[in-house]
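Just so it is clear, none of the values below were taken in a lab; they were calculated from the coordinates. Being a predicted model, the structure only gives us computed values, none of them experimental. For neighbour counting, all protein chains shown are included, and Cβ atoms are generated from backbone atoms with ideal geometry for every residue, glycine included.
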Amino acid sequence: MIRAFLIIIRLVIGGTFIYAGYQKALDPYTFSQSVIAFKMLPYIASVTLSVYLPWLEIIAGVCLITGFLGRGATYVLLMLALVFVVARASALMRGIQINCDCFGGNESGHDKDVNGFMIDALLAFALIIELWITRLWTAQKTQAATTNENTAEIASPR
Amino acid sequence: MKKAVIQALIVLLIAIAPAIATGLWHPNRPDWSEPIAGPGQVLLETARDKNNAAWRHTIWIDTRPFEEYRIRTAPDAINLRMDTWDKLIVMVRQARQFSDTKFVVFGEDDNDPNAKSVAERLRKEEPQLDVYTLVRGWKAWEKVIR
């Protein structure tokens, strides 16, 4: 049951990041304009980030789904989601309208920015849940393995 | 925890390779050198900035040949060239609905002589208009209009 839930949650989170990264990777110029619009970093850092972030999202998303480097990918995605939350909150507080193409398209508007903030916050929350469930599942597995070992030892004493 | 940190570092490293490729070879890669607007010039990002009240009313003037203008241009741009000046200057005057309306002239790129001539003539003959030339011209627009 826990395993099935883990698979579903990883598929949803990983899929969301892969989709978002793919949309940005298709059009790095437009995404760079969005990153520059946040006015949080120097120009060259914003441009570097705008070509790096989409691929990081795609690769970490794939790792999360496949399980290859999965634990590390979860931390990377959590860090990304938290950075997005802080950046969006900062832009909203400064009254800056971001033309973010985080999920494709280039419409803008306050409502869209608020929706983007909510999605990022939701993703961060889902990733924390994922980490918690993974820990729970790993603990259960370890406990089950220990119990099996003990039972086997009792059943066949040397 | 140590294992997770190492894994995270590997994920961060793997993403560098495609990012470098994107930055170097993607057809729509961002500009690595920061575009700077000189006097009488404006950056596309500034002229389109929805947060900037000074640029709320912008009229685009495309000085490229009509055939190219017809295929693709900036939103609601007027195609004004030296050879169509007399016919179309009325349209430019009529487009000025607000006192703070700004006119941004663009040609093929920064070196397009048509854009420079049209901007100079507009400044000279229509001194009431606030005229700018667009840094990188149509090449700047091309990246945001597809």
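Here are a few things to note about the model shown:
- Estimated vicinal HN-Hα couplings, Hz - the stretch A:37-52 in sequence order (Karplus 6.51, -1.76, 1.60; Gly, Pro = x): 4, 5, 6, 10, 10, x, 3, 5, 5, 5, 5, 4, 4, 6, 8, 8
- Mean separation of Cα contacts under 8 Å, 6 or more apart, over the residue count of chain B: relative contact order %: 24 percent
- Cβ-based net charge around B:Leu9, under 13 Å, with every Lys or Arg adding one and every Asp or Glu removing one: +3
- Debye intensity ratio in log₁₀ form over the Cα atoms of chain A, taken at each q of 0.12, 0.13, 0.16, 0.20 Å⁻¹: -0.57, -0.64, -0.88, -1.22
- Rounded to the nearest 10 degrees, the angle from helix B:113-125 to the longest Cα principal axis of chain B is 50 degrees.
- Springs join every pair of Cα atoms under 10 Å in this Gaussian network model of chain B, and among B:Gln94, B:Gln41, B:Gln128 the largest mean-square fluctuation is at B:Gln94.
- Other residues within the sphere of radius under 13 Å centred on the Cβ of B:Pro18, judged by their own Cβ, net out at +1 (K and R +1, D and E -1).
- Where Rh is the Kirkwood radius over Cα pairs, Rg/Rh for chain B: 1.17
- Degrees, to the nearest 10: A:110-155 long Cα axis against longest axis of chain A: 10 degrees
- With coordinates expressed along the principal axes, the C-alpha atoms belonging to the stretch B:1-61 extend over 56, 27, 18 Å, beginning with the largest.
- Note on the stretch A:52-99: along the principal axes its Cα atoms extend 40, 17, 14 Å, ordered by decreasing extent.
- Both radii come from the Cα set of the stretch A:4-55: Rg as radius of gyration, Rh as Kirkwood radius; their ratio Rg/Rh reads 1.15.
- Sum of side-chain charges, B:Asn51 neighbourhood, beta-carbon under 12 Å (Lys, Arg +1; Asp, Glu -1): +2
- Cα-Cα pairs of the stretch A:12-97 separated by more than 21 Å (percent): 31 percent
- Residues with amide H under 5 Å from that of B:Arg136, placed H, sequence gap 5 or more: B:Asp110
- For the protein assembly as shown, alpha-carbon Rg and Dmax in angstrom: 26.3, 106
- Sparsely packed chymotrypsin sites (Phe, Trp or Tyr not before Pro) within the stretch B:37-98, loop by DSSP, other Cβ within 10 Å at most 14: B:Phe98
- For chain A, the relative contact order works out to 27 percent when only alpha carbon pairs closer than 8 Å and six or more residues apart are counted.
- Amide hydrogen proximity for B:Lys102: with H placed 1.01 Å from N in the peptide plane, the residues at 5 or more positions away or on another chain lying under 5 Å are B:His57, B:Thr58, B:Ile59.
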